[in-house]
1. Quick one: is T368 at pLDDT 70 or above and surrounded by fewer than 20 Cβ atoms within 10 Å (Cβ to Cβ)?
2. Scan E260, E197 and give me the residue that is touching a residue at least 24 places away in the same chain (Cβ under 8 Å), of a type in the set (D, E, K, R) and touching a helix residue (DSSP H, G or I) at 6+ places or on another chain (Cβ under 9 Å).
3. State all residues of region 388-409 that are surrounded by fewer than 19 Cβ atoms within 10 Å (Cβ to Cβ) and modelled with pLDDT of 65 or more; if no residue qualifies, say none.
4. Confirm whether E169 is surrounded by fewer than 18 Cβ atoms within 10 Å (Cβ to Cβ), part of a helix (DSSP H, G or I) and under 33 Å from the mean Cα position of the chain (by Cα).
5. Which of the residues spanning region 226-246 are surrounded by fewer than 15 Cβ atoms within 10 Å (Cβ to Cβ) and under 23 Å from R83 (Cβ atoms)?
6. Determine which single condition T150 fails, assuming it passes every other condition in (1) within 23 Å of G199 (Cβ to Cβ); (2) surrounded by 13 or more Cβ atoms within 10 Å (Cβ to Cβ).
7. Within region 61-116, restricting attention to residues that are basic (K, R) and more than 18 Å from A133 (Cα to Cα), which residue is surrounded by the most Cβ atoms within 10 Å (Cβ to Cβ)?
8. Could you please let me know if V308 is surrounded by fewer than 19 Cβ atoms within 10 Å (Cβ to Cβ), under 15 Å from V35 (Cα atoms), assigned by TED's automatic domain parsing to the domain that holds V38 and modelled with pLDDT of 70 or more?
Amino acid sequence: MPFTEALKLALSSILSHKLRSFLTLLGVIFGVATVIVVVSLIEGFNTYVDEKIANIGTNAFAVQKYSIEDFSSVEALNAARRRNRDVTLEDLEALRARSGHALAEIGGKEETVGDVKFGATTLMRIRVSATTANVAEIERIEANAGRYFTRAEDDSRRAVCFIGADVAEKLFPTNDPLGQFIRVDGRPFQVLGVGKELGSVFGQSRDMYVAVPLSTFLALYGSRRSISISATSASPAAYLDAIDEARVVMRARRRLAPGEPDNFGIVTPDAINELRDKIFGTIQLAAVGVTSISLVVGGIVIMNIMLVSVTERTKEIGIRKSIGARRGDILKQFLAESTMLSLLGGGIGVGIAYLLSTLVAALTPVPTALPWVAVAAALIVSGSVGMISGVYPAWKAAALDPIEALRAD
């Protein structure tokens, strides 16, 4: 029997029992939909981390008080607080003195929260980001209007600022913000530019910020605090050398012996992704594994229905065998039917998962992403579940004695 003929017979059998076929498909539909939705959420989260969090700039890394590993547990963070020294402006200048080799741009930043006011409008607890001028280039901060502040304005402690798109929209809904003076924790700052819209991270706007010169910030808020140093390598090939050079400078300044661990942190995109995988990797595997159980249940339902189908169609099998159908033909027919059932369920499940993922992304801050690899894998797995589930019923049908089958009522 040609394979196309087996498919036609399978489709005919499925369509002749529409309700039963649909109820049989429900297990596979919900199984595939659940797995795909979970994978979509996981992929969306991973993509978000890569694009919004781990993407700290071209050939960029950060030197700060804590390492990524320090955030893996409360105990590790408390130990780092006791052990690690603050990163200071002197550290920044020491690294700047080494730039020109593997190291290229060196900038500093610090953050706090404050109240921002213009006229009668006050925004509470807005992120105040204090940076050196070159952080705009390191972190690829782009202006939608105006400009970022310059190094001369930073060095002279000018009271100027660069504001996020949401801050501009809320403080200046009808006015041009450029040149206006806003008050940050009661202190006046002149607006030089407005940043391009960045969107949100899990519902938290990335455009609710005010950036001010680092020297101005430290003069107003106090210099006895740890800063973060942003650095770039001279080229992609020199990236690891730049990290090693920064580590050597920091260890030398802190007089660390060769066997002592770093009492500072160097943060790279790879380190962020490794922490993500360490924290969420097991959870992701467990989530996919648990939801995959529903596919097994769907396979059991298909096997059960196929066994019922064999019993119901005993006489039909006897007639086919009596007119020349071989065991392989009967086997092929029932395997095609179980596989087609499962594939149909898988296809419907993928469609439902796509709609659910789109709905989740539209109505909630939770990001989703549906890779085509996951879709293809879901269809292959669902087809395989159907084929495996149909092996025993197909073998049982193919093994029927044609004479006994013809005698069946």
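1. Numbers: at pLDDT 70 or above: yes; surrounded by fewer than 20 Cβ atoms within 10 Å (Cβ to Cβ): no.
Against the criterion (at pLDDT 70 or above and surrounded by fewer than 20 Cβ atoms within 10 Å (Cβ to Cβ)), T368 does not qualify.
2. Working: E260 fails: touching a residue at least 24 places away in the same chain (Cβ under 8 Å).
That would be E197, the only listed residue that is touching a residue at least 24 places away in the same chain (Cβ under 8 Å), of a type in the set (D, E, K, R) and touching a helix residue (DSSP H, G or I) at 6+ places or on another chain (Cβ under 9 Å).
3. Once the filter is applied, which keeps residues that are surrounded by fewer than 19 Cβ atoms within 10 Å (Cβ to Cβ) and modelled with pLDDT of 65 or more, region 388-409 yields I388, V391, Y392, W395, K396, A399.
4. Numbers: surrounded by fewer than 18 Cβ atoms within 10 Å (Cβ to Cβ): yes; part of a helix (DSSP H, G or I): yes; under 33 Å from the mean Cα position of the chain (by Cα): yes.
So E169 passes the test.
5. Initial filter on region 226-246 (surrounded by fewer than 15 Cβ atoms within 10 Å (Cβ to Cβ)): 235-237, 240, 244.
The one that is surrounded by fewer than 15 Cβ atoms within 10 Å (Cβ to Cβ) and under 23 Å from R83 (Cβ atoms): D244.
6. All conditions are met except number (1).
7. Here is the first cut: in region 61-116, the residues basic (K, R) are 65, 81-83, 85, 96, 98, 109.
Cutting the leftovers down to more than 18 Å from A133 (Cα to Cα) gives us 65, 81-83, 85, 98.
Working: K65: 18, R81: 11, R82: 6, R83: 13, R85: 13, R98: 16.
The selected residue is K65.
8. Working: surrounded by fewer than 19 Cβ atoms within 10 Å (Cβ to Cβ): yes; under 15 Å from V35 (Cα atoms): no; assigned by TED's automatic domain parsing to the domain that holds V38: yes; modelled with pLDDT of 70 or more: yes.
Against the criterion (surrounded by fewer than 19 Cβ atoms within 10 Å (Cβ to Cβ), under 15 Å from V35 (Cα atoms), assigned by TED's automatic domain parsing to the domain that holds V38 and modelled with pLDDT of 70 or more), V308 does not qualify.
The values are calculated or read from the model by the stated rules, or taken from the named source; none is laboratory data. Since this is a predicted model, take the numbers as computed values, not measurements. Methodologically, a virtual Cβ is constructed for each residue, glycine included, from the backbone with ideal geometry; neighbour enumeration extends over all protein chains shown.
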